[in-house]
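Shown next, in structure tokens, is the structure this report addresses.
Each value in this text was obtained by applying a stated rule to the coordinates, not by laboratory testing. Only a predicted model underlies this, so the values are computations on that prediction, with no experimental measurement involved. Cβ sites come from the backbone with ideal geometry, for glycine too, and all protein chains shown count toward neighbours.
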Amino acid sequence: MNPVRSHARAKDASPKDLGGATSYGMKKADLFFNVVRLPVDFGMLLLAGLAAYLLRTQVLASLRPVYFQLNLPLFSYMSLVTIVALVFIGAYAISGLYSMKIRIGKAEEFLKVIVASSAGIMLVIIFIFLRQALFNSRFLVLGAWILAMLFVAIGRLLVRYFQHVAVTRYNFGIQRVVLIGNDAVAQGLKEQLTQHLDTGYRIIAHWETPQLEALAGLGDTVDEVLLITPHYADGTIVDLVDFCHEHHIVFKFVPNLYQTLTKHLDVDTIGTVPVIELKRTLLDGWGKVFKRMVDLVGATVGLVIFSPVFLVIAVAIKLDTPGPVFARLPRISKSKRFILYKFRGMIAYDPDGGAESLKASLSELNERQDGPLFKIKNDPRITRVGKVIRKYRLDELAQFINVLRGDMSLVGPRPHQPDEVARYQKHHKKVLAIKAGATGLAQVSGSSDLSFDEEVTLDSFYIENWSMTMDFKIIFRTIFKMLRDHSAV
């Protein structure tokens, strides 16, 4: 018998038996509440500092007079508390209190808060010592440290409570899962997830064997496939994995003993069963949060800075040819259809006429015969203003609107047309794993000079090796390319 499976069959164990770690696999809820914990911690640290100040100046003042209040008024004190709170937040982050991968119980969480808070206050004390400055009140340092641990612990307990309520009562951030397996482990896990709603999983189907047609029939109602029993034909499992990747369904499986001992595998736990998720990209957890923050800030700044340019382009388009200022183009991102905004550089777009209706008649002039893309260097549909804005890539500045709305990201694979995606081969669909981008690795590495397969290769490399550093490099290369390269994308 597989030792791992034998251990996993301890189905009588409840979430409380695992150190109080009751939130297994709540991918969406975990992400949300882990993000919430950061501002809650920061707010609790400020509150702890304020409480220490008021306790010393208002409550204990009758026992021991306050001499520092004039030298350290409340506003100046809270400014110092804000800086110290940021130091504490850094210590919490280093200790793993904001980790998306590690789920810890209440006792371990409180211990981490104590250790990290102590490390933070030691840094403050060392700073005061090195400056050879006499702080106004030792009580403020000691009191704020003790209250910080207490307040942060209370704040995190409140977050746990609201997370429990949100998941169990309102199904917030749940994972709708299809369970595949025909052994005792599968049945035991099913019972655990059914009995303990706070795991964040809701089983919508349980099959003894993989059923691709039935899975396809579930449509968007399934978030995750969990393969418990791996003893099926290799071809069946490969087809199942490919289907999940193509439809953006999380695929997890129960590993054997040797896989759990491999350090490079990301082993998680659902209930009492160890599982491994097959990921197609490193973009996950806090990476998603940071990337979205950069998108929001970048799009907002871009819209503000380029607003005068937008006005000039809009007037020029209206004076040049009849039609709207923006071209509203159907595109695909993560297998979902959205409307891409561009400044109109062609004759008025109309699904039943105009630029789009001429596409079929111009197919012989298509320079991208190597794949499903459509590209003509001297496209007769381009207007006079269009030649200018496309030459300097100004038509694509309108995509800041899409980035702000969340349809796409600043950096990512190129968004393609629905008719092009319909002709993708199996390996081409890798580029649909994450949000499309206003710019990307392919665009800054050759753009229209690349073959379609070369473009897919570059976008696939970006998806598999994503990092914020790579995003910033691509953004800077895009700016440089816009200034130096005036060939249309």
Quote the FRET efficiency, to the nearest 0.05, computed for Glu464 versus Ala314 with a Förster distance R0 of 51 Å and r equal to the Cβ-Cβ distance.
-> 0.80
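For the pairs Lys288/Lys336; Lys291/Lys391; Lys279/Lys429; Lys387/Lys430, flag any whose C-alpha to C-alpha distance is greater than 23 Å. Provide the component values of the computation, followed by the final result.
On the way: Lys288/Lys336 18 Å; Lys291/Lys391 29 Å; Lys279/Lys429 15 Å; Lys387/Lys430 32 Å.
Correct reply: Lys291/Lys391; Lys387/Lys430.
Subtract the Cα-Cα distance of Ser99 and Thr281 from 0.36 nm times their separation in residues, and report this length gain in nm to one decimal.
Working: separation 182, 0.36 × 182 = 65.52 nm, distance 1.79 nm.
Contour length minus Cα-Cα distance gives 63.7 nm.
Only sites in a loop by DSSP and with at most 14 other Cβ atoms within 10 Å count here; which trypsin sites (Lys or Arg not before Pro) in region 408-458 make the cut? Intermediate values should be presented prior to the final figure.
On the way: sites: Arg423, Lys426, Lys429, Lys430, Lys435; in loops: Arg423, Lys435.
Listed in order of number, the matching sites are Arg423.
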